[in-house]
Amino acid sequence: MIENAPLPFTDDPLDRDFWINARQRRLVVQSCAACGEMRFPPRPMCPHCQSENVAWQPVSGEAAVWSFAVPAPPLLPAFEALAPYVTIIGALAENSGIRMAGLAVNADGDATGITAADIAIGQPIHIDFLDASEDCTLPCWRIGPRASAA
Ligand SMILES: [Zn+2]
């Protein structure tokens, strides 16, 4: 948990469904209801066919590290308290052109102790969710593939 961090507005009609699903620990990606192409971040119009018809597509949350960074000071005070930490841009398994940024966390949902040495480009990661406030659940990335449910 990042105390006092600036959080995204979660009640915009454009991406409200993304945040509602994140609250339920489901990752969804906006897609075009006309041509089916996925897009992220959410936009009002499909860049492929210009349709304004929107659908939300559930995805597995499995991904690979596309890039990562260890933000260096000076940081905003809310993030300074968390430093050092790693942020990852993950490329989704369903569509590697869909890339999402998130905090790197361990199995306890904690960013503490993860360093750049723990992460490599292309490494498997999977989505997790951090409740940042009553209204905002932030997707974040756990290192490694999701353990099987069995
Ligand atoms: Zn389209």
Helical mean residue ellipticity (222 nm; -39500 (n - 2.57) per DSSP H run of 4+; nearest 500) of the chain = -2000 deg cm²/dmol
Show the residues, 5+ positions off or on another chain, whose built amide H is closer than 5 Å to the amide H of Trp56.
-> Ser31
3J(HN,Hα) from dihedral phi, segment 126-134, Karplus parametrisation 6.51/-1.76/1.60, rounded to Hz, x for glycine, proline | 9, 6, 9, 9, 10, 6, 8, 7, 5
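Heavy atoms only, 1.4 Å probe, whole protein assembly: order Leu103, Leu7 by accessible area, highest first.
Largest to smallest exposure gives the sequence Leu7, Leu103.
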When the charge dipole of segment 14-142 is computed with +1 at the Cβ of Lys and Arg and -1 at the Cβ of Asp and Glu, the Cα pointing farthest to the positive end, of Phe129, Leu14, Pro77, is that of Leu14
Leaving out ligands, DNA and RNA, what percent of the accessible area of the chain is carbon and sulfur, probe 1.4 Å?
-> 55
Amide H within-cut-off set for Ile125, under 5 Å, with H built and near neighbours excluded | Ala63, Ala64, Val65, Gly144
If we count every other residue with Cβ under 13 angstrom of Glu134's Cβ, Lys/Arg +1 and Asp/Glu -1, where does the sum land?
-> -2
Considering only the other residues whose Cβ falls under 12 Å of the Cβ of Pro124, what net charge follows from Lys and Arg at +1 and Asp and Glu at -1?
-> +1
Neighbour net charge for Tyr85 - beta-carbon separation under 13 angstrom, K R +1, D E -1 = -3
Suppose every K and R has +1 on its Cβ and every D and E has -1 on its Cβ; what is the size of the dipole of the chain about the Cα centre, in Debye to the nearest 20?
-> 420
Between Ile89 and Gln123, how many nm apart are label points set 7 Å from Cα along the C-beta direction?
-> 1.8
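Please list the three semi-axes, largest first and in whole Å, of the ellipsoid equivalent to segment 60-150, using sqrt of 5 times the eigenvalues of its alpha carbon gyration tensor.
Numbers: eigenvalues 88, 48, 33 Å².
Largest first, segment 60-150 gives 21, 16, 13 Å.
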For segment 73-78, Karplus couplings with θ = phi - 60° (6.51, -1.76, 1.60), whole Hz, Gly/Pro x | x, x, 10, 4, x, 4
Segment 72-150: GluC sites (Glu not before Pro) in DSSP loop, at most 11 other beta carbons within 10 Å | Glu134
Vicinal HN-Hα couplings computed from phi for segment 86-101 (Karplus, 6.51 cos²θ - 1.76 cosθ + 1.60; Hz; Gly/Pro x) | 10, 10, 10, 9, x, 9, 5, 4, 6, 6, 5, x, 9, 10, 10, 8
Please list, in chain and number order, the residues 5+ apart from Phe68 or on another chain whose amide H is under 5 Å from its amide H, with Hs placed from the backbone.
-> Ile89
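The values are calculated or read from the model by the stated rules, or taken from the named source; none is laboratory data. What you see is a predicted model, and the numbers here were worked out from it, not measured in a lab. FYI the Cβ positions are ideal-geometry reconstructions off the backbone, even for glycines, and counts take in every protein chain you see. In case anyone asks, the SASA skips ligands and DNA or RNA and just uses the protein heavy atoms, side chains included. Shrake-Rupley method; radii C 1.70, N 1.55, O 1.52, S 1.80 Å.
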